[in-house]
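Each remark here refers to the structure printed beneath this line.
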2 protein chains.
Amino acid sequence: MDNHVLSQRPALHAEQVLIKAMLAGSFPPGSVLPGERSLAAQLGVTRPTLREVLQRLERDGWITIRHGKATVVNDFWRDGGLNVLSALVRYGEQLPDGFIPNLLEVRLALAPAYTRAAVTRSAAVVAELLNRSDDLDDVPEAFAAFDWQLHRTLTICSGNPIYTLILNGFAGFYEQMARLYFAQPEARASSRSFYAALRGAALSGDAGEAERVARQVLAESIALWQSGAARYHWEER
Amino acid sequence: MDNHVLSQRPALHAEQVLIKAMLAGSFPPGSVLPGERSLAAQLGVTRPTLREVLQRLERDGWITIRHGKATVVNDFWRDGGLNVLSALVRYGEQLPDGFIPNLLEVRLALAPAYTRAAVTRSAAVVAELLNRSDDLDDVPEAFAAFDWQLHRTLTICSGNPIYTLILNGFAGFYEQMARLYFAQPEARASSRSFYAALRGAALSGDAGEAERVARQVLAESIALWQSGAARYHWEER
DNA sequence: AGTCTTAACTGGTCTGACCAGTTAGCAGGA
DNA sequence: TCCTGCTAACTGGTCAGACCAGTTAAGACT
């Protein structure tokens with residue numbers, strides 16, 4: 001157990017150590033955690049502090065706490081909540097195989113639906129936001145930030161708040177992942193023309209067309225990423 | 001502030017009171033919470049207990065805590081996580097307008113995708129599970145339980161764990177909502193034939209057909225619900 | 001051998017003190 | 001007068017150790 005004295009806050013340190021241990025398999029699913037008193041001592045924090053951390057971890061589905069029984073470690077891929085993703089990105093040694101394609105696949109399933117709804121309900125707001133896409137610098141950071149803002153706006157305008165709640169599960173690492181994707185010039189070009197097409201659809205109030213162009217660019221993004229990743233590995237040799 | 005002495009655990013009581021207050025608008029978005037010492041006293045718990053609750057609430061996006069500053073209440077529809085839904089169902093006085101249609105819409109966006117993936121990757125497992133659908137009693141409870149298990153299995157078999165993490169956000173109230181939906185005999189009939197069709201697609205390994213029948217029955221479910229036959233009100237439980 | 005008590009786990013809560021950021025207000029200087 | 005800068009009083013963060021409350025298995029009793 002790593003209990004180096006760090007400059008971090010004790011609670012943050014404890015959470016980080018615990019999550020890393022679970023990600024690394026030091027606490028396999030189904031195993032039980034040491035008692036709170038013992039675990040707190042190992043982590044170099046006191047029990048109240050540890051408990052705050054454990055409560056948060058339970059809320060995210062990492063562990064299951066039961067009064068009188070030992071705390072058990074869950075299989076976070078089976079029982080975890082959406083928040084495990086941000087922990088995975090923040091604390092994981094490396095991203096799981098296919099992580100980005102999986103993200104893109106889920107986005108492909110969801111975004112066309114909320115894009116259509118957003119254009120149906122609030123075409124003006126969507127079009128207004130897309131006006132700014134003309135001024136985007138041709139750098140990954142600008143595209144990543146704009147893309148996040150776009151999806152966030154679309155889910156909000158969709159009128160179905162559940163889309164927003166789901167998207168919030170990706171807050172904090174969406175931009176980070178998007179910067180990798182938009183490192184490819186073709187990706188930026190693809191999205192730039194998508195923004196223009198979507199604005200056109202919004203201006204003419206054509207929700208069906210908005211859904212179509214969204215689905216098309218998102219499907220294209222998966223192919224783009226996989227060709228880019230392949231090229232990257234190829235050049236690595 | 002409701003601080004009745006309840007038979008519940010202090011932490012659970014405090015969480016329930018706080019969430020109900022935020023749902024009812026007693027703590028509007030943007031407002032600040034009383035200090036922990038004062039709030040703990042009002043709720044009839046001690047500060048460490050209150051803090052455990054606040055940490056959980058922050059993790060779900062209800063509030064934002066910053067060292068040295070007052071804790072602020074978020075707009076949970078804008079900044080919350082998926083977990084707010086289960087709190088909404090559990091503690092809300094009544095479900096928001098369009099809550100069930102919104103759920104069905106999100107399911108319509110997601111389920112066809114993971115159904116296709118599941119049949120592509122693990123047709124046998126899917127088909128095996130669907131065999132049991134023949135024996136389903138024609139009662140809402142049986143259909144609700146089976147439908148949940150089916151979707152859970154499909155997301156797991158899809159090979160994209162992110163679908164599972166999203167679905168987990170609906171655990172605990174999916175069945176409850178589904179019982180309302182399946183109170184309609186036509187809904188049970190519709191799903192029963194869907195199960196059969198999906199099994200057929202799985203047995204023949206036709207992922208495209210699986211996606212199609214899934215999309216069809218899910219779209220149909222929205223129409224069925226909105227036809228109004230199932231407008232049970234919120235009082236049971 | 002079976003049943004019941006009990007002790008020793010586990011997590012849950014309380015107490016009150018002190019540490020650590022933040023900020024408004026007041027004192028002192030330019 | 002105005003600005004600077006210290007200070008005090010907030011806020012949340014952590015610590016310490018005690019005690020309460022479920023769970024369970026070992027041991028005592030029948």
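The values are calculated or read from the model by the stated rules, or taken from the named source; none is laboratory data. Not measured: the values here are computed from a predicted model. We place every Cβ from the backbone using ideal geometry, glycine too, and count neighbours over all the protein chains shown. Side chains included, ligands, DNA and RNA excluded: accessible areas come from the protein's heavy atoms. Shrake-Rupley method; radii C 1.70, N 1.55, O 1.52, S 1.80 Å.
Worth a mention:
- Against the list (1) among the polar types (S, T, N, Q); (2) within 13 Å of another protein chain (Cβ to nearest Cβ); (3) away from DNA strand C (no atom under 16 Å from the Cβ), the condition residue B:26 fails is (2).
- Flag if residue A:96 is more than 15 Å from residue A:174 (Cα to Cα) and part of a helix (DSSP H, G or I): no
- With respect to the conditions (1) more than 12 Å from chain A (Cβ to nearest Cβ); (2) open to solvent by less than 20 Å² (accessible area, probe 1.4 Å), residue B:95 lacks only one, and its number is (2).
- Every residue from the stretch B:161-177 that is buried (at least 19 other Cβ atoms within 10 Å of the Cβ), of a type in the set (S, T, N, Q) and more than 11 Å from chain A (Cβ to nearest Cβ): none
- Criterion applied to B:188, B:179 was being at pLDDT 95 or above and touching a Pro at 6+ places or on another chain (Cβ under 7 Å), and the one residue passing it is B:179.
- Tally of residues being open to solvent by 40 Å² or more (accessible area, probe 1.4 Å), free of Cβ contacts under 8 Å to residues at least 60 places away in the same chain and away from DNA strand D (no atom under 16 Å from the Cβ) across the stretch B:72-87: 4
- Annotation note: of B:69, B:20, the sole residue that is open to solvent by 10 Å² or more (accessible area, probe 1.4 Å), away from chain A (no Cβ under 14 Å), more than 14 Å from DNA strand C (Cβ to nearest atom) and over 19 Å from residue A:56 (Cβ atoms) is B:20.
- Hits in the stretch A:43-62 (condition: open to solvent by 40 Å² or more (accessible area, probe 1.4 Å), more than 30 Å from residue B:170 (Cβ to Cβ) and either more than 7 Å from DNA strand D (Cβ to nearest atom) or in a helix (DSSP H, G or I) (or both)): A:47, A:48
- For the stretch B:76-87, a tally of residues being closer than 17 Å to residue B:25 by Cα and either of a type in the set (S, T, N, Q) or facing chain A (nearest Cβ under 10 Å) (or both) returns 7.
- If only residues of the stretch B:16-42 that are of a type in the set (Ser, Thr, Tyr) and not in a helix (DSSP H, G or I) are counted, the one that is nearest to DNA strand D (Cβ to nearest atom) is B:31.
- Of the criteria (1) in contact with a helix residue (DSSP H, G or I) (Cβ under 8 Å, 6 or more places away or on another chain); (2) open to solvent by less than 60 Å² (accessible area, probe 1.4 Å); (3) in a helix (DSSP H, G or I); (4) more than 18 Å from residue B:81 (Cβ to Cβ), which one residue A:116 fails: (2)
- Residues (more than 14 Å from the chain's Cα centre (by Cα) and either among the polar types (S, T, N, Q) or buried (at least 19 other Cβ atoms within 10 Å of the Cβ) (or both)) located in the stretch B:135-155: B:140, B:143, B:146, B:150, B:153, B:154, B:155
- Within the stretch B:30-62, being touching a strand residue (DSSP E or B) at 6+ places or on another chain (Cβ under 9 Å) and within 13 Å of chain A (Cβ to nearest Cβ) holds for B:54, B:57, B:58, B:62.
- Exclusive hit being buried (at least 17 other Cβ atoms within 10 Å of the Cβ), closer than 21 Å to residue A:96 by Cβ and within 10 Å of another protein chain (Cβ to nearest Cβ), set B:122, B:158: B:158
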